[in-house]
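Every number here is computed from the coordinates shown, using simple stated rules; none is lab data. Predicted, not measured: the structure shown is a model, and the values here were computed from it. A quick note on method: Cβ atoms are made from the backbone with ideal geometry, for glycine too, and the neighbour counts reach across all protein chains shown.
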Amino acid sequence: MSQIHTATHLADNPVIIEMDGVNKWYDQFHVLKDINLQVRQQEKVVICGPSGSGKSTLIRTLNRLEEHQEGNIIVDGTTLTNDTKNIEVIRREVGMVFQQFNLFPHLSILDNVTIGPVWVRKMPRKQAEEIAYSFLERVGIGEQAHKFPGQLSGGQQQRVAIARALAMQPKIMLFDEPTSALDPEMIKEVLDVMRELADQGMTMICVTHEMGFAREVADTMVFMDQGQIVEYAPAKEFFTNPREERCKAFLEQILNH
Amino acid sequence: MAEKIEDRRPPVTSTGTVGWVRANLLYPWYNALLTVIAGWAIYSAVKPFIQWAIINASITLDPAVAKEYSGAAWGFVRDMWPVFMVGIYPEEYRWRPAVALLIILALVMLTLVERFRGTKWLYALWGCSPVAVFLIIHGGFFTGLEVVDTHYWGGLMLTLILASVAMLFAFPISVLLALGRTSDMPIIKSFCVAYIELVRGVPLITILFMASVVLPLFLPTDMELDKVLRAMVGITMFFSAYLAENIRGGLQGLGKGQYEAADAIGMSYWQKTVLIVLPQALRIVIPPMVNNFIGILKDTSLVGIVGLVDLLQIAFATTSNPKWFGKLEEAYVFVALWYWILCYSLSRYSQHLEKKYASK
């Protein structure tokens, strides 16, 4: 079963991420099983599935927060290997937003956003601050630039985390359950920012349980279970007519809770 | 509709000083009893000391007059305090350590001024200060000052020099050791583990002996290593191992998410370490680190064993002076007071740092 999942409905866009026969183990535990997945430029992919299905692990292999043992991963033309230089090149082009925000608590909001451009992109501080302000403005945190992460709400922190990733001007954004640690009233403000980002044509891969958001934004839905891609389909098809039993059962559960 | 309730002040009898005394000292009756008993116990324990140190004490500079008092002869301290400060450093050059002290105090003052804090020139001045202090106290080189060999260094001055040098060098060494111990590189890691475990497993006295007795056996006979320098190396080696373990605690106390966030931005190992990991890890370990620094300061008193005359050894030296023979109690109280002032200042400074960083 080495069918390559690729978005035929976006066939005009070049492929920017390619996972080719990717396998990963934690000790004896087989977490990713024969993943063949292509993501095209400007494509929005939402990955869902029960917990422990390997969806977070999958996106974390894309910027080498997790190492894979078999297969090839090519991101923006660079093959991921053990070579640190390669990894750093890819990380510069791939932004990531975490479930727990992971802002740097000892740095002000502004410094959190400028630290990447200044130290990794070697941008002059002035220019980095201008960019930081513009992104903070976009996520609605402009006036709080001089506060510290601990002084902001969860939703605000997550929006800063998005601004921090965007300030590196990445080609791809990865979202690892960005709203799962948030209070219900703050989920919307984060999803709004993500929606806007999608509208501007960013290539996005999101692991999320927010099916309303997925239905609205996703081009492609991926359903994973036990380390495998069980169902891969254009979003419309996925929600109206899921093929696999496991996928149907999961959607039932998550949509009718 | 519910009416808005205005804020009211709490009742006086249950808060504030009155409330505290009532709640903790007097109520119920057995607490009042305990208060009385404890008060009496404290009084009877402290009373003899007060009598000796203040009521029956003398401050005359004449030992013969001092003999008429049953209490402490503080005239001894008045007479000998310069020796406590600098040991047998030649009398005519005592102004030099004083100038060195003034330089450091001036720098501290400048640092306290908000406007100067964090400026580059102030960092530069602090960076130069150890060299300046050394040149003034030691003399020689291009300064035109008479050389005062480390053999003549002693007293509080020697204690402070040993402690500051040890802190200054042990800190960066221990950071590297801690990073090495937590790194993935097997050779570096095993070297750091071996060093830390070896040095921690040996008492400081042993290391001082090794540095002063064993080390010269391995060096050519015509090459003589300075005694003070040997002690410095020994103390620095010893404390960098201890400090390293504390700092490692801080490194491991940091969430995995911080490392991942730094990685995800594309930072290199050193960028991640210097910009993200160390600033946070070192904040976590301020209290144990200051605890270590206090330990360094007090443990420098062990250098007496290898023949250096630090603040504690001066107490022995001065009391064998025929003029004030046997004034051991006064000398010990004076020396203890100095150690306490220094350690307590360090401790207060650490509390200040903790508060400063807790708000962020």
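Ranking B:59, B:232, B:297 by Cα position along the charge dipole of chain B, where only Lys, Arg, Asp and Glu carry charges on their C-beta atoms, puts B:297 farthest toward the positive end. The trypsin sites (Lys or Arg not before Pro) found in the stretch A:119-194 that occupy coil by DSSP, while having at most 12 further C-beta atoms within 10 Å, are A:122.
Fewest first, what order do A:254, B:341 take by the number of other Cβ atoms within 10 Å?
Listed from fewest to most nearby Cβ atoms, that is B:341, A:254.
Rounding to the nearest 20 debye, state how big the charge dipole of the stretch B:19-161 is about its Cα centre with +1 on each Lys and Arg Cβ and -1 on each Asp and Glu Cβ.
Dipole size: approximately 660 debye.
Within chain B, what's the longest run with no GluC sites (Glu not before Pro) in a DSSP loop and at most 15 other beta-carbon atoms within 10 Å? Give the range, please. Counting only loop sites that pass the neighbour cut-off, the longest clear stretch is B:225-360.
From the Cα gyration tensor of the protein assembly as shown, with a ≥ b ≥ c the square roots of its eigenvalues, which class applies: rounded if a/c is under 1.5, or else prolate if a/b is larger than b/c, or else oblate?
In terms of gyration-tensor shape, prolate.
Positive-end ranking of A:109, B:25, A:25 along the dipole of the protein assembly as shown, with charges on Cβ about the Cα centre, is headed by B:25. Counting only other chain Cβ atoms within 10 Å of each residue's Cβ, the peptide A:119-127 averages 2. Inter-chain Cβ neighbour count for B:265-273, averaged per residue, equals 6 (cutoff 10 Å, partner chain atoms only). Bridging of residue B:272 to lysines at a Cα separation below 23 Å is possible for A:85, A:122, A:126, A:147, A:171, B:189, B:256, B:360, once same-chain residues fewer than 8 apart are set aside.
According to the square roots a ≥ b ≥ c of the eigenvalues of the Cα gyration tensor, what is the shape class of chain B, taking rounded for a/c under 1.5, prolate for a/b larger than b/c otherwise, and oblate for the remainder? The shape class here is oblate.
Short-range pairs are left out: with C-alpha atoms under 8 Å and at least six residues apart, the relative contact order of the stretch A:8-256 is 25 percent. Go ahead and collect, in residue order, the members of the stretch A:81-101 whose backbone nitrogen is under 14 Å from a label point 7 Å along the Cα-Cβ direction of residue A:72. Within reach of a label on residue A:72, which here means backbone N under 14 Å from a point 7 Å along Cα→Cβ, the stretch A:81-101 contributes A:81.
Shielding of peptide A:91-98 by partners, expressed as the average count of other chain Cβ atoms within 10 Å per residue Cβ, is 3.
Label the stretch B:159-213 by shape, choosing from rounded, prolate and oblate, from the square roots a ≥ b ≥ c of the eigenvalues of the Cα gyration tensor; if a/c is under 1.5 it is rounded, and otherwise prolate applies when a/b is larger than b/c, oblate when it is not.
Working: a/c = 3.40, a/b = 1.53, b/c = 2.23.
Oblate, since a/c reaches 1.5 and b/c is not below a/b.
When each of A:111, A:83 is scored by the number of other beta-carbon atoms lying within 10 Å, the sequence from fewest to most is A:83, A:111. As a rough footprinting exposure proxy, the listed residues A:106, B:151 were ranked by other beta carbons within 10 Å of their own, and the order from fewest upward is B:151, A:106. When the charge dipole of the stretch A:8-256 is built from unit charges on Cβ atoms (+1 for Lys and Arg, -1 for Asp and Glu) and taken about the Cα centre, the candidate among A:131, A:95, A:75 whose Cα reaches farthest toward its positive end is A:131. Would you please name the trypsin sites (Lys or Arg not before Pro) within the stretch B:112-219 that are DSSP coil residues with at most 14 other C-beta atoms within 10 Å of their C-beta? Filter output for the stretch B:112-219: B:115, B:117. Taking the Cα centre of the stretch B:197-273 as reference, the dipole from Cβ charges on Lys and Arg (+1) and Asp and Glu (-1) amounts to some 200 debye.
Enter the Cα centre distance for the pair the stretch B:290-347 and the stretch A:109-157, rounded to the nearest angstrom. For the stretch B:290-347 versus the stretch A:109-157, the Cα centre distance is 52 Å. Computed from the alpha carbon atoms alone, the convex hull of chain A holds 133 Å³ per residue.
Taking the Cα centre of the protein assembly as shown as reference, the dipole from Cβ charges on Lys and Arg (+1) and Asp and Glu (-1) amounts to some 1480 debye.
For the stretch B:1-68, trypsin sites (Lys or Arg not before Pro) are listed when DSSP marks them as loop and at most 13 other Cβ atoms sit within 10 Å of their Cβ; the list is B:4, B:8, B:67.
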